[in-house]
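Peer 1: Can you keep this structure in mind? I'll have questions shortly.
The values are calculated or read from the model by the stated rules, or taken from the named source; none is laboratory data. All values derive from a computational prediction rather than experimental measurement. Please note: Cβ atoms are built from the backbone with ideal geometry, for glycine as well, and neighbour counts cover all protein chains shown. Only protein heavy atoms, including side chains, enter the accessible area calculation; ligands, DNA and RNA are left aside. Shrake-Rupley method; radii C 1.70, N 1.55, O 1.52, S 1.80 Å.
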Amino acid sequence: MSRTAPTPTAFPVLFLGGTRSGKSRQALLEGEAVLARVGPDARGLFVATARALDAEMAERIARHRAERGPAWETLEEPLDLAGALADADGRYGVILVDCLTLWLANRLARDPAGAAAAVDELAGAAARLATPAVFVSNEVGWGLVPPDPASRRFRDMAGRLHQALAAVCPRVILVVAGRRLDLPAGP
């Protein structure tokens, strides 16, 4: 089975999946395919939203950074994704943002009342990008209803975030058990 690289007009793209579903790996493959098309000296920007608040997360971040290789520059931006995208646009062969739900958690912790506006700002920034962009996020809405208000707010805002990004992404890809499922466009 041959893999065909995505066309430049099919960006931005949103990868969704559960924990350890393989979504980050699939998104990285997507970004690498773009870089291969651009040329041997092409550079990608990996926008990391995680913060190393404990040893396990620091180790996880280091492992992901090592997986990416030298073609990727890393920018750690836990809060201002829209600004980071605007600053990076046109300077890289591809921009990969991992992970939107971590960004959302950071935003809700900092400014719960401003989270909805930040989601809209991010979706607008994604829609304006000239550079191919790949977004990764955790699908958290398939589980039980969380028992506390803060967790329910997070889950609800994550659903709103995914819908806002999906509205500006020509491709949305669900990853389950390492396998991709291209979702059809919505209405």
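Peer 1: Looking only at the stretch 158-178, filter to residues that are surrounded by 14 or more Cβ atoms within 10 Å (Cβ to Cβ) and over 13 Å from residue 122 (Cβ atoms); which one of those is farthest from the chain's Cα centre (by Cα)?
Peer 2: Here the residue is 176.
Peer 1: Quick one: is residue 181 open to solvent by 40 Å² or more (accessible area, probe 1.4 Å), without any contact (Cβ under 8 Å) to a residue 12 or more places away in the chain and part of a strand (DSSP E or B)?
Peer 2: When the stated conditions are applied, residue 181 passes them.
Peer 1: Just wondering, is there one or more residues in the stretch 121-135 that are in contact with a helix residue (DSSP H, G or I) (Cβ under 7 Å, 6 or more places away or on another chain) and open to solvent by 50 Å² or more (accessible area, probe 1.4 Å)?
Peer 2: Yes.
Peer 1: Considering the stretch 69-79 alone, what residues qualify as being open to solvent by less than 60 Å² (accessible area, probe 1.4 Å) and more than 17 Å from the chain's Cα centre (by Cα)?
Peer 2: 69, 71
Peer 1: Consider the stretch 22-33. How many of its residues are under 18 Å from residue 177 (Cβ atoms), part of a helix (DSSP H, G or I) and touching a residue at least 40 places away in the same chain (Cβ under 8 Å)?
Peer 2: 7
Peer 1: Let me ask something else. Does residue 96 meet the test of being under 18 Å from residue 162 (Cα atoms) and not β-branched (Val, Ile, Thr)?
Peer 2: Judged against the criteria, residue 96 is a match.
Peer 1: Would you confirm, using the coordinates I've provided, whether residue 82 is in contact with an Asp or Glu (Cβ under 6 Å, 6 or more places away or on another chain) and either small (Gly, Ala, Ser) or crowded, with 21+ Cβ neighbours inside 10 Å (or both)?
Peer 2: It is true that residue 82 is in contact with an Asp or Glu (Cβ under 6 Å, 6 or more places away or on another chain) and either small (Gly, Ala, Ser) or crowded, with 21+ Cβ neighbours inside 10 Å (or both).
Peer 1: Oh, and also: Does residue 59 satisfy the criteria of being closer than 26 Å to residue 111 by Cα, open to solvent by 40 Å² or more (accessible area, probe 1.4 Å) and among the charged types (D, E, K, R)?
Peer 2: no
Peer 1: Next question, about the same structure. Search the stretch 1-21 for residues that are outside any strand (DSSP E or B) and pair each with any residue that is at pLDDT below 90 and of a type in the set (A, V, I, L, M, F, W, C) when their beta-carbon atoms are under 8 Å apart and the residues are at least 6 apart or on different chains.
Peer 2: 18/142
Peer 1: Within the bounds of the stretch 45-67, is there any residue that is of a type outside the set (Phe, Trp, Tyr), in contact with a Gly (Cβ under 8 Å, 6 or more places away or on another chain) and touching a residue at least 40 places away in the same chain (Cβ under 8 Å)?
Peer 2: No, there is no match, as no residue in the stretch 45-67 is of a type outside the set (Phe, Trp, Tyr), in contact with a Gly (Cβ under 8 Å, 6 or more places away or on another chain) and touching a residue at least 40 places away in the same chain (Cβ under 8 Å).
So that you can scan it fast, the table gives a plain yes or no per residue for (1) within 13 Å of the chain's Cα centre (by Cα); (2) modelled with pLDDT of 95 or more:
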residue	(1), (2)
46	yes, yes
50	yes, no
56	no, no
62	no, no
67	no, no
87	no, yes
100	yes, yes
107	no, yes
120	no, yes
